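Following: one structure in structure tokens, then a few remarks.
The values are calculated or read from the model by the stated rules, or taken from the named source; none is laboratory data. Because the structure is a prediction, the values reported are computed rather than measured. Please note: Cβ atoms are built from the backbone with ideal geometry, for glycine as well, and neighbour counts cover all protein chains shown. Just the protein is used for accessible areas: all its heavy atoms, side chains included, with ligands, DNA and RNA removed. Shrake-Rupley method; radii C 1.70, N 1.55, O 1.52, S 1.80 Å.
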Amino acid sequence: MAERLAAAATLRAAAPARPSPSGHRAGPSNSAFFPSSSSPSPALRHVSLRGAPSQKAKAAGRGRSVRCMAAAADAAQLKAAREDIKELLKATHCHPILVRLGWHDSGTYDRNIKDWPEQGGANGSLRFDVELKHGANAGLVNALKLVQPIKDKYPSITFADLFQLASATAIEEAGGPKLPMKYGRVDVTGPEQCPPEGKLPDAGPKAPADHLRMVFYRMGLDDKEIVALSGAHTLGRSRPERSGWGKPETKYTKNGPGAPGGQSWTAEWLKFDNSYFKEIKEKRDQDLLVLPTDAALFEDPTFKDYAEKYAADQEAFFEDYAEAHAKLSSLGAKFDPAEGFSLDD
């Protein structure tokens, strides 16, 4: 933790004073610049008898130019932030907790609720104490401390985008697949908009497969996506003081990197690959963690088909994981502009 906070302090030193949180896209990306309709304004189809643009047409043209400039500015800020996140990862080895940060912000989504932000999802609500104190989010205050200096440095980026950018960058920098992400998420404005506790999966339910389906089906995800996303446990450790699961330390975690301790699912727990599925299948190493929800992937017949496939074929796992991660990162998100934008266009 000392290493992480030291890196955060380095970033903070270069950052301007922190603005107050906003529920809209900050700076030039005000929502007024991104109307919900993407159809051309009728004014653009009418000109005066002399062929000169009408005042309405001029205004519409200016509005369109501002929209393009705002999106470009946000993309530039996000690209710069991504480079800072890469440096943070190198300095602190915080890949697992940044993945978890993004997942837990988006994983509260309920497709049965139609209104935003009541439906939960990737809306930046996890920055508020009321949600950080949910049992499933134990320890994520440390992730927020790590990324806050980056938010301060790039104030036009929303928390919702920053959390998902950090999560995706952590996956890619750990050796995972390139993720087809989009950005432009809008933040909620206050803690009263946080979802209720109990939306995230438990590690040890009585019926693990049924529990996984209940939680992920609520989000609109299917069996293949459940298994593919479970493969992200190839990164990280479980700490008993936070989750109640795992050993205090093992031969793989006693010396770090980062803060020592905890029990990992894989021997190389900062490397993203398909070893999670191989280790869960074999269950040969007592120093590696297997939760009831992990074991269910090889016990449930439908889950097992995918888990066996991913254990044998890393390329297939990477392909399915990339799609599932990108989908999860957009659940419940309100984009501005409505279609979002890519950093790779």
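Observations on the structure shown:
- For R242, the solvent-accessible surface computed with a 1.4 Å probe is close to 90 Å², ligands and nucleic acids excluded.
- Using the average count of surrounding beta-carbon atoms within 10 Å as a protection proxy, the listed peptides 181-187, 153-159, 141-147 rank, highest first, as 181-187, 153-159, 141-147.
- Which of H325, H93, H211 is most accessible, then next, and so on - probe 1.4 Å: H93, H211, H325
- Remark: accessible surface ordering of W245, W269 (largest first) is W245, W269, probe radius 1.4 Å.
- Using 0.36 nm per residue and subtracting the Cα-Cα separation, the extra length available between D152 and K79 on full extension is 24.8 nm.
- Per-residue SASA entry for Y252, accessible area with 1.4 Å probe, Å² rounded to 10: 60 Å²
- Each peptide in 171-178, 225-232, 330-337 gets a packing score, the mean of other Cβ atoms within 10 Å over its residues, and the list from highest to lowest is 225-232, 330-337, 171-178.
- Estimated FRET transfer efficiency when R0 is 41 angstrom, pair Q286-D313 (beta carbons, to 0.05): 0.90
- The residues of region 242-345 expose on average 47 square angstrom of accessible surface per residue, using a 1.4 Å probe on protein heavy atoms.
- Mean Cα-pair separation over length for region 183-295, i.e. relative contact order, pairs under 8 Å, 6 or more apart, %: 24 percent
- In this structure region 131-205 gives 30 Å² per residue of accessible area when probed at 1.4 Å with all protein chains present.
- Protection proxy ranking of 84-90, 202-208, by the mean of other Cβ atoms within 10 Å over each peptide's residues and highest first, is 84-90, 202-208.
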